[in-house]
1. When chain B is treated as a GNM, springs tying every alpha-carbon pair under 10 Å, which of B:GLY81, B:GLY150, B:GLY193 comes out with the largest mean-square fluctuation?
2. Quick one: which of A:262-272, B:115-125 comes out on top by average Cβ neighbours within 10 Å, and what's the full order, highest first?
3. Amide H of A:PHE27 versus every other amide H placed in the peptide plane: which residues, excluding those fewer than 5 positions away on the same chain, fall under 5 Å?
4. Alpha carbon centre of segment A:100-120 versus segment B:112-178: separation in Å?
5. Just order A:34-43, B:52-61, A:94-103, B:31-40 by mean Cβ neighbour count inside 10 Å, highest at the front, would you?
6. Roughly how crowded by other chains is peptide A:109-117, in terms of the mean Cβ count from those chains within 10 Å of each of its Cβ atoms?
7. Given axes a ≥ b ≥ c from the Cα gyration tensor, I'd like to know whether chain B is rounded (a/c under 1.5), prolate (a/b larger than b/c) or oblate.
8. Could you work out the relative contact order of chain A? I mean the mean sequence separation of Cα pairs under 8 Å and 6+ apart, divided by the number of residues, in percent.
Amino acid sequence: MLTGPALILFLAFVIFPVVMAAYYGFFKWKGYGPPTDFVGLDNYLIILKDPTFIDALQHNFTIVVLSLLMQGPVAIGLALLMNRKMRGQSVIRVLIFVPYVISEVVVGTGWSLLLQSNGALNGLLEKMGLGGLTQDWLANPKLAIWTLMIIITWKYVGFAVILFLAGLQGIPQELNEAAAIDGATFWQIQWRISLPLLGPTVRIWAFLSIIGSLQLFDLVYIVWGQYVAATAGTSTMATYMVVNGRNAASYGFGNAVAVVLFLISLVVALLYQRFVLRRDTDGALTGGAN
Amino acid sequence: MATTTINRPPLLRGTALSRERRNWGSPLVYFVALVVVGLMLAPVAYIILGGFRTNSQITVDPSGLPSPWDVEGYKAVLTGGVFWHEVGNSLIAAGTTTLGVVVLGLMASYALARYRFRGRGAMYALFAAGLMFPMTVAITPLYILIRSLGLMNSLPGVILPQMAFGLPVTIIILVPFLRAIPKEIQEAAEIDGCSRLGFFRRMVIPLSYPGVITVGILSFVGSWNSYMLPLFILNKESSFTLPLGVQAFASQWSVDTAKVLAFTSLSMIPALIFFSLFERRIVGGLTGAVKG
């Protein structure tokens, strides 16, 4: 009885819509009245042949890879640094985490004002005598994806640092002390003890980061809007879905995009679990260490 | 951190030395920390300070400091009704979502954790599978569902789906908490004449308090910041939550950068206050949720 309300709500607003997404995806449908124009797999064929979707998919995978490469090392380095005894550690930890708590809309609005061609960043560069470095950070298709990566890193790196710090503080102090007595230097301790033992935390973080990158929507849609994202080279599968589904009033098509997005995420998630996370289930403490 | 220092065996020579040496740590650490904190806060400072400038100041020198400080932007936002109306909408949406997620989640988790009934495993698996469905996938059918329920442009149209999507993580976090309550406590309470509901209220809720707080904060902040669902459901300005309001304000007043910055920075404040109040819980909750 106790589960009843939760179950009903969950079935109605999570499971039912997900199932309906798969169903609507087979129709050409403007969203009014019951869908009648059954088109089979046509929507899916259109998606997979659409160069704008392929572009968006490539952007997604670029973001996946760059997120891991940019946030991972930075966050691990910061966590290792901050894991030492230091004054004001808790204040620093809070401040690094601030961008993560601010909403995507505030982040997007603030950054787009900061980065517009007559914005504060270009102004600052000119003041510093580096006027040659001023750029159109948002619209230049060669730069925009990197601009996006900077914003993403800024927003989400704090989360990674917090996770890694928690992971590091879970490592028994005795290990570090034993190594110190045996004459290991600070960096040897980090390299031989902290990093291998941080492995499971890093792998979980990477999983969350990958899934988040595949479903990225808010920041791109807010900063680049619905029209510019594709030309600036920052569109993602989710912005493609909203632009070509809801905004174009092609609801059947939009649902088909959602299904493709879901299947891609699912396959990536399953592969990751199978090949990466499985290591953590057999011998997390010994795996990876020499 | 504090406990590890206390627990450290004092007999080891190496640690006594290193403790002295590491009391302040190397200056490099502080330097790096300072640079990082500076980079993290600069954009936030830009937004807050920009609100204190005038448009001509911003046009002449986009990266300067306010001189003189001008409070007109903030004043205009704070005295206009739009901002407060949207704060109200956001508070209602986030508050109701949180309440619903916690109450329904506790009830369901309690049953899943402490009663044996047919289909329990399947039910738990179903909720857990919900973690695999992000709202992005379901957003279009959700929109159609909400529309056919006649809930467009109303806060319940946002609250109900948010509650539903908040349940999986809630249940995953709460079930272990509730399972950990020893059977003996329940038996003792029953012998003392405590009803099932009384046991729930007097024992279960206090004992699962840390989990409840974590879950509550996650759903409050999630709802407060959520963008995609309100974007689909709320099309009338009177129903806007703060994120939609910020975006609408930014495009409506795009020439008035100072005012946009003031609006944006004011809309950060509630989240920042909430965060600083519950910082430990949020951080603990997130790491717990991920590691658990």
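1. Most flexible of the set in this elastic network: B:GLY193.
2. A:262-272, B:115-125
3. Long-range HN contacts for A:PHE27: A:VAL39.
4. What the calculation gives is 32 Å, centre to centre.
5. Working: A:34-43: 13.5, B:52-61: 17.0, A:94-103: 21.0, B:31-40: 15.1.
So the peptides A:34-43, B:52-61, A:94-103, B:31-40, ranked by packing, come out A:94-103, B:52-61, B:31-40, A:34-43.
6. 6
7. Judged from the Cα gyration tensor, chain B comes out oblate (a/c at least 1.5, b/c at or above a/b).
8. 30
Coordinate-derived values only; no laboratory data. Small disclaimer: the values here were computed from a predicted structure and weren't measured. When we count neighbours, we look across all protein chains shown, and the Cβ atoms used for this are built from the backbone with ideal geometry, even at glycine.
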